[in-house]
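The values are calculated or read from the model by the stated rules, or taken from the named source; none is laboratory data. For clarity, every value in this text was computed on a predicted model and none was experimentally measured. In this analysis, Cβ positions are derived from the backbone assuming ideal geometry, glycine residues included, and neighbour counts consider all displayed protein chains. Remember, those area values only see protein heavy atoms, side chains included, never the ligands or the DNA or RNA. Shrake-Rupley method; radii C 1.70, N 1.55, O 1.52, S 1.80 Å.
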Amino acid sequence: MKSLHELGQELLIRAHEASSGRAAATINEDHRTLKQLVLALRAGSALSEHENPGQATLQLLSGTAVVSTAEAAWRGSVGDYLVIPDRKHDLRAESDAVVILTFVKDTDRPEPPAATDSKEQQ
């Protein structure tokens, strides 16, 4: 059992200390294809534009954030859930935000930046 609230708060502290303005932790590292990350973003920080890693969703645990593609933008707040579009997109925190990023890894696509720069394994 994990407290997502406590983990999110710890990651927000780390995000405020990080030059990137973000911190992430994998919450199901033993699964082969399903990946889940808790990602904290300091207000104004972002994951730059990147490819969708496969089937992916985002759920906001706290704060507000925007997912944008070249064609559209989706603004989310606490409790919102988004199926990430299957095209290049970015994620920007409007306020300090904590999200759960869930994706089924497509082996032909790169993992999102939050997955590859995640140092802490939970």
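Under 5 Å from the amide H of E94 lie the amide H atoms of G44, T64, A65, V66, each residue being 5 or more positions distant or on a separate chain, with H modelled from the backbone and absent for Pro and chain starts.
These residues, K2, K105, go from largest to smallest accessible area, 1.4 Å probe, as K2, K105. Got a sec? Which residues in the range 73-98 would a label at A18 touch, if it sits 7 Å along Cα→Cβ and we count backbone N under 18 Å? From the range 73-98, the list is 90-98.
In this structure the amide hydrogen of D80, modeled in the peptide plane, comes within under 5 Å of the amide hydrogens of L60, none closer than 5 places in sequence on its chain.
Straight Cα distances below 19 angstrom link K105 to the aspartates and glutamates E29, D30, E49, E51, D86, D90, D117, with same-chain residues fewer than 8 positions distant left out.
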